[in-house]
Amino acid sequence: MSLWPVGVGIYILGRTTMALGGNLQRYSMVHELAKPEGERRGKLKQPLLVLGLFLFVASGLVLSAALLFAPMSILGPSGVIFIVANGVFANQLNHERFIWKEDGALSLMIIAGVVMCIVAAPKQEKDQDGNIKTFNEDEILDLLAQPTAFIFFGLVVLCVAGFLTAKTCILRKFEHDWEKLALDVRCMTVVSLSYGCIIGALGGFNETVTKSLFATAGGIVSDDGIVGLLSSWIFYLMGFTLLFSFLFQIWTVTKGLEECTALLVLNTQAVVEDCVFGSMGGLLYFQDYHRFDQTGAIVYGFGVLTATSAILALVYIRVRRDRGELAKRQLELQPEVPPEIKMGVVDKGLQDQDPPTAVGVPANGVCESNGQVTMEDCRDDRLPIGLASLMQVSGVVVSKPPPQYDPTVPVG
């Protein structure tokens, strides 16, 4: 009897639980930041955040159980059902907008890519024969010594190190000011992708190591008993490597959800973990590529490409949408010019105060304009930080206020 449907069902349950856990963390942190600074609680004192962390960790255990029943090359793509669950939870819990003609259409593209992968992927591993696949110590060492295993681990390190470096450099450039960063579409896209890709690469690596750990433990216990397992150095090596990688992944998830939307970070994680590194773990490390025929390989590759392209487009659209909403909020918060200044009537009490600085008015002069502040009228240094570039992209035009009041010049 083939066990892969059992594995797929368990995997989908784990991914849904993970989406709920991630959105609970985001919900808790956003609501905590809305409180006055003196009333904010630490992360471990927020019940919903702790519950979200627990569900996220528990989902990892559920996903680990699924790895016993099916190849990673079929489990990986099926886990992208996470995107559907994440869209529902992000909308209901965190009120993140879900537009069907954009988010919905791209999500359907992702699901279509996943379906192609499931149809084309091998349903059993080599020599599985309907049973749970196990390895003895010699077999796992043989897998680790294969060139394809080195390629897989090298790609994981390259992805994590590359995106970690890019994210760090961008945050330093903006001095860790997320409001400034949010005004730059390209940099914010890279940072959002970085969090998702780091989490996803670590997740795919963790799944591969977890499957190796369980399969090796089963094989060693079957051959040498518990004593043989406790004396196996390869078992301890994989166990401690998995523990370190998993803790790093959890820390990155919490940090990413604190600064970026759940739809961006978690959807990117799902595709990178499941369609890219989860699949590569099965294809390269466990060498499932030997079980593909030519047609299956083409369909599988096209499915991965479709899902990955759709998630990249989804991330970019979400960043631009969030940036437009931020532009509206920035403009709403701009102070109004006092009516006395507008009408040219100056109260004597105002003469003792510093003259107000308005949007579009430089500190030592007045922008010459036809009544509107545009990119041609004023330089960036005459506007609040980033607002000029924000207006350029968003198409926002602000009415030009009157010239700055000079108390030394008589009115009229």
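The values are calculated or read from the model by the stated rules, or taken from the named source; none is laboratory data. Just so you know, these numbers come straight off a predicted model, no measurement behind them. Cβ atoms come from the backbone with ideal geometry, glycine included; neighbour counts cover every protein chain shown. Quick note on the areas: whole protein, heavy atoms, side chains included, nothing else; ligands and nucleic acids left out. Shrake-Rupley method; radii C 1.70, N 1.55, O 1.52, S 1.80 Å.
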Check your understanding: Which entries in 35/180; 35/167; 43/211; 101/255; 101/167 show an alpha-carbon gap greater than 24 Å?
Key -> 35/167; 43/211; 101/255; 101/167
Review point. Where the accessible area of the stretch 255-304 is counted over protein heavy atoms with a 1.4 Å probe, how much of it, in %, is carbon and sulfur?
Key: 60 percent
Study note, to complete from the structure: For the residue 34, residue 241 Cβ pair and Förster radius 35 Å, calculated FRET efficiency rounded to 0.05 is 0.35
Check your understanding: What order, most packed first, do the peptides 196-203, 284-291 have when packing is the mean number of other Cβ atoms within 10 Å of each residue?
Key -> 196-203, 284-291
Check your understanding: Of the trypsin sites (Lys or Arg not before Pro) in the stretch 14-90, which ones lie in a loop per DSSP and count no more than 16 other C-beta atoms within 10 Å?
Key -> 40, 41
Exercise for review: Compute the length gained on full extension between residue 108 and residue 224: take 0.36 nm times their separation in residues and subtract their Cα-Cα distance, giving the result in nm to one decimal.
Suggested key: 36.9 nm
Practice item. Quick one: give the max-minus-min coordinate of the C-alpha atoms of the stretch 1-160 along each principal axis, largest first, in Å. Key: 60, 38, 33
Check your understanding: So how far apart, in nm, are the two label points at residue 13 and residue 251 if each is 7 Å from Cα heading toward Cβ?
Key -> 3.2 nm
Exercise for review: Sticking with the crude label model, points 7 Å out along Cα→Cβ, report the distance from residue 293 to residue 150 in nm, one decimal please.
Suggested key: 3.4 nm
Revision key, fill the gap. Share of accessible surface on carbon and sulfur in the stretch 98-211, whole %, 1.4 Å probe and ligands ignored, is 64 percent
